[in-house]
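The values are calculated or read from the model by the stated rules, or taken from the named source; none is laboratory data. Since we're looking at a predicted model, the values are computed, not measured. Note that we place each Cβ from the backbone using ideal geometry, even for glycine, and neighbour counts take in every protein chain shown.
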Amino acid sequence: MLASSAEDFWIATDHGRLYVKHWYPAAEDTAAAPIVLFHDSLGCVAQWRDFPEQLADATGRGVIAYDRLGFGQSDAHPGHLDAGFVETEAHGGFRFLREALRLDCFVAFGHSVGGGMAVACAAAWPEDCAALITESAQAFVEDRTLQGIRAARQAFAEPGQFERLRKYHGDKAAWVLQAWTETWLAPDFAAWNLDAALRQVSCPVLAIHGDQDEFGSPRHPERIASLAAGPVAKHVWEGYGHVPHRENAAAVTALVAAWLGAGNGG
């Protein structure tokens with residue numbers, strides 16, 4: 001049985017509106033911290049597909065996802081991403097979400113660059129972040145990451161491929177693609193890493209990664225496990241790529257539900 005209901009709405013920020021969707025499980029533990037999802041570099045709420053609903057049902061927790069400014073159904077981003085965009089999301093869009101929904105306690109779950117943003121939120125709000133889950137997160141700039149981005153940029157130049165982005169981001173699609181490729185490939189981003197933020201993470205951490213991830217090797221969950229101040233469970237899946245929650249949603253939801261059910265995450 002999947003989640004019984006969901007609602008979508010918009011919240012205001014200093015630079016535009018953010019689109020938000022909230023899933024409620026059929027049997028919700030209202031005392032448990034809800035899970036907040038942070039999407040990847042080309043992602044949005046719609047691209048999570050039915051994973052949030054499955055996650056809500058498996059964990060008995062509310063699940064909240066939002067489109068960052070410039071993505072999906074949120075308003076356009078007013079400019080360019082700077083080298084600190086991963087860390088600043090904690091006090092940017094997420095802060096407005098947290099205040100609007102009065103999230104005194106939450107579980108941060110981020111995929112890809114969203115995993116880095118989830119780390120930043122756990123570091124920024126240590127007393128309120130009950131648990132951190134990273135999936136295919138990049139903890140630093142690796143050659144494999146840059147190679148994957150270059151290959152993706154070339155693929156999007158092929159006929160019809162850009163329409164995949166336009167389907168989800170509309171007129172913002174060109175900005176979304178440029179924000180990803182140009183930011184990560186810029187020389188001044190080469191030294192970026194999550195080291196400082198990870199050292200501020202005191203909650204339990206579940207680091208999920210596929211060993212065939214084309215955008216990052218297992219060195220990333222190893223870095224997360226070595227630097228996070230709280231207890232870390234590292235799960236590297238053999239044969240999985242960059243999007244385990246799409247490759248095998250049932251396995252990911254079962255893993256997360258068991259880990260949270262073991263006392264991690266309030």
Can you name every residue in the stretch 61-85 that is part of a loop (DSSP other than H, G, I, E, B) and of a type in the set (Ser, Thr, Tyr)? Ser74
Hey, could you check the stretch 215-233 for residues that are within 17 Å of the chain's Cα centre (by Cα) and of a type outside the set (Gly, Ala, Ser) and say which is farthest from Arg61 (Cα to Cα)? Phe215
Filtering the stretch 160-204 for residues that are out of contact with any His (no Cβ under 9 Å at 6 or more places or on another chain), free of Cβ contacts under 8 Å to residues at least 24 places away in the same chain, within 18 Å of Ile149 (Cβ to Cβ) and in a helix (DSSP H, G or I) leaves a count of 5
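Residue-wise test of (1) in contact with a Phe, Trp or Tyr (Cβ under 9 Å, 6 or more places away or on another chain); (2) closer than 21 Å to Ala249 by Cα; (3) modelled with pLDDT of 95 or more; (4) not hydroxyl-bearing (Ser, Thr, Tyr).
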site	(1), (2), (3), (4)
Glu53	yes, yes, yes, yes
Ala56	yes, yes, yes, yes
Gly72	yes, no, yes, yes
Leu97	yes, no, yes, yes
Val107	no, yes, yes, yes
Val113	yes, yes, yes, yes
Ala123	no, no, yes, yes
Looking at Tyr19, Tyr24, can you tell me which residue is farther than 29 Å from Lys234 by Cβ, buried (at least 20 other Cβ atoms within 10 Å of the Cβ), touching a strand residue (DSSP E or B) at 6+ places or on another chain (Cβ under 6 Å) and among the aromatic types (Phe, Trp, Tyr)? Tyr19
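Yes/no per residue for (1) of a type in the set (A, V, I, L, M, F, W, C); (2) modelled with pLDDT of 95 or more; (3) closer than 26 Å to Ala179 by Cβ:
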site	(1), (2), (3)
Arg17	no, yes, yes
Val20	yes, yes, yes
Ala26	yes, no, no
Val63	yes, yes, yes
Val86	yes, yes, yes
Phe94	yes, yes, yes
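For the stretch 111-136, name all the residues that are of a type in the set (D, E, K, R) and buried (at least 24 other Cβ atoms within 10 Å of the Cβ).
We begin by selecting, within the stretch 111-136, every residue of a type in the set (D, E, K, R); these are 127-128, 135.
Of everything in the stretch 111-136, just one residue is of a type in the set (D, E, K, R) and buried (at least 24 other Cβ atoms within 10 Å of the Cβ), namely Glu135.
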Could you list, in sequence order, all residues of the stretch 99-130 that are in contact (Cβ under 8 Å) with a residue 60 or more places away in the chain and not in a helix (DSSP H, G or I)? Leu103, Cys105, Phe106, Val107, Ala108, Phe109, Gly110, His111, Ser112, Pro126, Cys129, Ala130
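Where residues in the stretch 78-98 are aromatic (Phe, Trp, Tyr) and in contact (Cβ under 8 Å) with a residue 60 or more places away in the chain, which of them is nearest to Thr13 (Cα to Cα)?
Of everything passing the filter in the stretch 78-98, Phe96 is nearest to Thr13 (Cα to Cα).
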Note on Asp171: of the conditions (1) touching a strand residue (DSSP E or B) at 6+ places or on another chain (Cβ under 8 Å); (2) at pLDDT 95 or above, unmet is (1)
Identify the residue in the stretch 140-176 that is surrounded by 15 or more Cβ atoms within 10 Å (Cβ to Cβ) and of a type in the set (Lys, Arg) and, among all such residues, is farthest from Ala186 (Cα to Cα). Lys172
Out of Gly70, Gly60, sole residue that is surrounded by fewer than 23 Cβ atoms within 10 Å (Cβ to Cβ) and more than 24 Å from Pro204 (Cα to Cα): Gly70
Looking only at the stretch 235-266, how many residues end up being surrounded by 15 or more Cβ atoms within 10 Å (Cβ to Cβ), of a type in the set (D, E, K, R) and over 17 Å from the mean Cα position of the chain (by Cα)? 0
The stretch 205-266: helices (runs of 4 or more DSSP H) wholly inside it with 1 or more residues that are β-branched (Val, Ile, Thr) are 219-227, 249-261
